Ligand code: CS2
């Protein structure tokens, strides 16, 4: 940075290093966690408390967050962006709720002790869909070589160094069971029934490792509340860094940027003491499923469609894509169709919710890149699109926009935009997906094989496959705008 401003530290907010240990250990301290969980814990920190709830932030894959934020004593800026292109209405908020930053690669011993410490009351998690190492049925993928390696090393030595999220969590439970230290483990990822999914994964690990630890867990000593988290968090850009300098006259090497909207619906199911979540805006409910279906299908489902449309037609951001009249209409049609599958929770007016989501997509100040959302499609599409298709087929309702969405994704997997520019496909099943689309198979076979990779039942739905094939052929010959114009006319 070419200015003389000082580096951000906790002194900036007069929140000096807290002498109390963190009660939350967060695995996956990326931008989403800092803008979402960090926002709620920051609000708690602002309340008069006997003892603050602070976060030990763990990165499992790279040391970058630790190395950037340690010199700032964990302090970072949350930039909330909103408004029209020429008159952005931005807020800059300093969060000091993270007091420790660790990286699995070289702080493994500290992480292990934090996870099994009696002061730790919550282990929270954001590692994205692929971090859970699930198979196509959503169960732990025992064929995954990193999972096999974690099971092998933990069986030989419960203190071993592990590689995967299920490995870290299983190890924490093994150690806590020995000391009888109950814990609440919160998944904050966009998985269907994220807490229950994580429970199933961990139960499988423990069955392999130590069934007595599973008995201890099942006796009410560990809970996995389900939750629905919502906040759009694009990757941080250089502009964000220089805006913090301009506004606050300090340098923050890794602020996070987000929208003003934030929401967290949390199942009230805790095995350990909790802060007063309700006082900082978290909605505590008995059943998150209706909220989850609404959010995963309407927001995330539409997001994925926007991402693939944007990628194919050189639209870099979500706002730019939905600004296109035809794409805006297809997104609305998609939401209407998928909305048919949602049993609206009483507290949620589905129509209002849809237009609120569309409004958030139009936030031009946010610069949410389509390439970011397009990543890991095979991990996202089952819960965002396929589960809704299953409901619509069962209820004999039309599947037009969702079939179009699948056709758009399959066209995207061919690896080039409509004008022929190469697209970078990032997906854990990339090799298999690209292998299928470039195999030279006939279209029906190619589409069936792609769908079969995600859901074997839907792959036998011949009329669905025929519809996807029809839309795909139109996209290949005339482009997605023309194909979509016909769909919405
Ligand atoms: C997005 C989500 O990248 C993606 O797949 O759909 O990260 C989305 O922005 C959040 O779930 C919003 O809450």
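The set of residues in the stretch 431-449 that are within 26 Å of the chain's Cα centre (by Cα) and crowded, with 16+ Cβ neighbours inside 10 Å contains only 433.
Within the stretch 65-91, the set of residues being in contact (Cβ under 8 Å) with a residue 40 or more places away in the chain and surrounded by fewer than 17 Cβ atoms within 10 Å (Cβ to Cβ) comprises 68, 71, 83, 84, 85, 88, 89, 90, 91. Return yes or no: is residue 366 buried (at least 19 other Cβ atoms within 10 Å of the Cβ), farther than 30 Å from residue 22 by Cβ and modelled with pLDDT under 95? Yes. Out of all the residues in the stretch 62-79, which are part of a loop (DSSP other than H, G, I, E, B) and either in contact with a helix residue (DSSP H, G or I) (Cβ under 9 Å, 6 or more places away or on another chain) or within 16 Å of the ligand (Cβ to nearest atom) (or both)? 73, 74, 75, listed by residue number.
Number of residues in the stretch 187-238 that are within 26 Å of the chain's Cα centre (by Cα), farther than 21 Å from residue 166 by Cβ and in contact (Cβ under 8 Å) with a residue 24 or more places away in the chain: the value is 9. Highlighted here would be helices (runs of 4 or more DSSP H) found entirely within the stretch 89-185 that include at least 2 residues which are in the same structural domain as residue 427 (by TED's automatic domain parsing), over 30 Å from residue 78 (Cβ atoms) and touching a strand residue (DSSP E or B) at 6+ places or on another chain (Cβ under 8 Å), but there are none. Criterion applied to 244, 228 was being buried (at least 19 other Cβ atoms within 10 Å of the Cβ), assigned to a helix (DSSP H, G or I) and either away from the ligand (no atom under 16 Å from the Cβ) or in the same structural domain as residue 196 (by TED's automatic domain parsing) (or both), and the one residue passing it is 244.
Would you point out which residue out of 278, 328, 310 is surrounded by fewer than 16 Cβ atoms within 10 Å (Cβ to Cβ) and either within 16 Å of the ligand (Cβ to nearest atom) or in a helix (DSSP H, G or I) (or both)?
After ruling out the rest, the residue left standing is 278.
Of all residue pairs spaced 6 or more apart or on separate chains, those with beta-carbon atoms under 9 Å, a first member in the stretch 391-412 that is within 17 Å of residue 453 (Cβ to Cβ) and a second member that is part of a loop (DSSP other than H, G, I, E, B) are 411/418; 412/423; 412/425. Here is the figure for the stretch 1-43: residues that are in a loop (DSSP other than H, G, I, E, B) and closer than 20 Å to residue 241 by Cβ total 10.
The values are calculated or read from the model by the stated rules, or taken from the named source; none is laboratory data. For clarity, every value in this text was computed on a predicted model and none was experimentally measured. Here the Cβ is made from the backbone with ideal geometry for all residues, glycine too, and neighbour counts use every protein chain on show.
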